[in-house]
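J.: Sharing a structure, written as structure tokens. Questions coming.
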Amino acid sequence: MTSAPGRLEGRNAVVTGAGSGIGLRIAQELHAAGATVTLVDINAAAITDVARDLGDRVSARTADVTDEAQVQAAIDAAAGAFGPLHIAVNAAGTGGLAPILDLELVEWRRVADLCLTGVFLSIKHQARRMTEGGSIINIASLNGRQPAEGMAAYCAAKAGVEMLTKVAAMELGPRGIRVNAISPGLIDTPLTSPFTRSPIQDEFLDNIPLGRIGATADVAAAALFLAGDHAAWITGDTLLVDGGAHTKRYPALLGRFAPPPSRPPAAGPRIDEGDAE
Ligand SMILES: NC(=O)c1ccc[n+]([C@@H]2O[C@H](COP(=O)([O-])OP(=O)(O)OC[C@H]3O[C@@H](n4cnc5c(N)ncnc54)[C@H](O)[C@@H]3O)[C@@H](O)[C@H]2O)c1
């Protein structure tokens with residue numbers, strides 16, 4: 001690898017969740033810095049459009065990151081087309097809003113599978129293709145540290161991504177592979193439009209010391225730093241990119257974007273009644 005710090009010519013990158021929002025912006029910035037980029041997303045139409053816009057040094061591979069065979073096929077195809085991987089960004093993810101009392105197992109699994117298991121599968125197959133060393137960047141979340149009512153699966157999965165990042169850094173360091181995470185606060189993307197296009201935006205702003213909602217460019221700048229040689233001695237860390245929101249509190253979303261918590265069952269003894277006897 002011969003690029004000057006900050007420039008990424010000669011590097012092969014893969015980005016999951018590259019069809020929208022944060023992953024899309026990071027893919028665009030990696031490409032602009034000179035890297036060859038493989039776009040991975042479950043949304044084939046989205047990454048086909050992005051690939052067309054970017055032009056050369058790009059390929060698009062449709063895959064569901066929760067499916068190991070699909071992840072492996074996409075990563076192997078990227079390496080087959082462009083050679084060993086040097087940079088991987090894992091941005092595929094989703095949210096959900098329901099109190100634990102109402103949270104269906106299938107919904108818990110949907111969020112945990114995508115936000116945590118998908119990152120594990122991606123790291124596993126990306127690292128196998130980083131035969132010259134590299135940099136893996138996982139997109140976690142402020143909510144991996146700052147709890148939010150109604151977001152149990154998301155918060156737990158993102159906290160898991162931070163720890164997965166540390167373990168991967170320990171195991172892969174001897175291979176010359178750095179593994180870091182970025183934890184964004186509220187970023188304006190299609191995923192967060194219910195928040196950024198509603199009055200609750202003001203409550204978010206009250207809890208962001210720097211006084212504005214984040215842009216995908218804020219996250220991409222951090223990703224490019226971690227991808228390149230300026231970060232050559234950084235691994236196992238998580239960079240908060242949140243305008244300082246971690247110093248304050250997360251707005252209460254329950255009841256404003258989800259049904260109220262379920263009532264106690266109508267039939268059967270209540271615990272307090274039994275205790276009173
Ligand atoms: N936007 C924010 O405020 C914010 C804050 C913190 C963390 N994040 C995290 O950043 C990441 C990107 O979020 P975003 O706001 O850009 O969302 P987004 O919805 O704009 O983009 C997510 C992308 O992931 C893709 N995707 C969904 N399921 C997939 C699957 N099973 N396999 C492959 N691709 C799949 C979607 O098609 C989409 O292109 C997520 O991990 C999210 O949790 C976002």
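The values are calculated or read from the model by the stated rules, or taken from the named source; none is laboratory data. Computed from a prediction, not measured in an experiment: that's the story for all the values here. Glycine also receives a Cβ, built like all others from the backbone with ideal geometry; neighbour counts cover every protein chain displayed. Note: areas computed on protein heavy atoms with side chains; ligands, DNA, RNA excluded. Shrake-Rupley method; radii C 1.70, N 1.55, O 1.52, S 1.80 Å.
J.: Restricting attention to segment 55-76, which residues are of a type in the set (A, V, I, L, M), more than 15 Å from the ligand (Cβ to nearest atom) and surrounded by fewer than 18 Cβ atoms within 10 Å (Cβ to Cβ)? Working first, answer last.
T.: So in segment 55-76, the residues of a type in the set (A, V, I, L, M) come out as 58, 60, 63, 65, 69, 71, 73-75.
Pick out the ones that are also more than 15 Å from the ligand (Cβ to nearest atom) and you get 58.
Listed by number, the list is empty, since nothing qualifies.
J.: Pick out, from segment 104-186, the helices (runs of 4 or more DSSP H) lying fully within it that include 1 or more residues that are more than 14 Å from A88 (Cα to Cα) and at pLDDT 95 or above.
T.: In segment 104-186, 105-112, 152-172 are the helices (runs of 4 or more DSSP H) which contain 1 or more residues that are more than 14 Å from A88 (Cα to Cα) and at pLDDT 95 or above.
Okay, residues lined up against (1) β-branched (V, I, T); (2) within 12 Å of the chain's Cα centre (by Cα); (3) open to solvent by 60 Å² or more (accessible area, probe 1.4 Å); (4) more than 15 Å from the ligand (Cβ to nearest atom):
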{"site": "A79", "(1), (2), (3), (4)": "no, no, no, yes"}
{"site": "V89", "(1), (2), (3), (4)": "yes, yes, no, no"}
{"site": "L97", "(1), (2), (3), (4)": "no, no, no, no"}
{"site": "D113", "(1), (2), (3), (4)": "no, no, yes, no"}
{"site": "Q126", "(1), (2), (3), (4)": "no, no, no, no"}
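J.: Now, a different point. Taking the criterion of being in contact with a strand residue (DSSP E or B) (Cβ under 8 Å, 6 or more places away or on another chain), over 17 Å from G144 (Cβ atoms) and either more than 8 Å from the ligand (Cβ to nearest atom) or open to solvent by 50 Å² or more (accessible area, probe 1.4 Å) (or both), would at least one residue in segment 190-206 satisfy it?
T.: No, because not a single residue in segment 190-206 is in contact with a strand residue (DSSP E or B) (Cβ under 8 Å, 6 or more places away or on another chain), over 17 Å from G144 (Cβ atoms) and either more than 8 Å from the ligand (Cβ to nearest atom) or open to solvent by 50 Å² or more (accessible area, probe 1.4 Å) (or both).
J.: Identify all residues within segment 73-101 that are in a helix (DSSP H, G or I) and hydrophobic (A, V, I, L, M, F, W, C); write none if there are none.
T.: Residues satisfying the conditions are A73, A74, I75, A77, A78, A79, A81, F82, I100, L101.
J.: Next question, about the same structure. Among the residues of segment 99-111, write down those that are within 10 Å of the ligand (Cβ to nearest atom) and either within 23 Å of A73 (Cβ to Cβ) or surrounded by fewer than 18 Cβ atoms within 10 Å (Cβ to Cβ) (or both).
T.: R110
J.: State which residue pairs qualify: first residue more than 15 Å from F120 (Cα to Cα) and aromatic (F, W, Y) and inside segment 148-159, second residue in a helix (DSSP H, G or I) and within 10 Å of the ligand (Cβ to nearest atom) in any location, beta carbons under 9 Å apart, and separation of 6 or more residues or different chains.
T.: Y154/V111; Y154/C115; Y154/N143; Y154/G144
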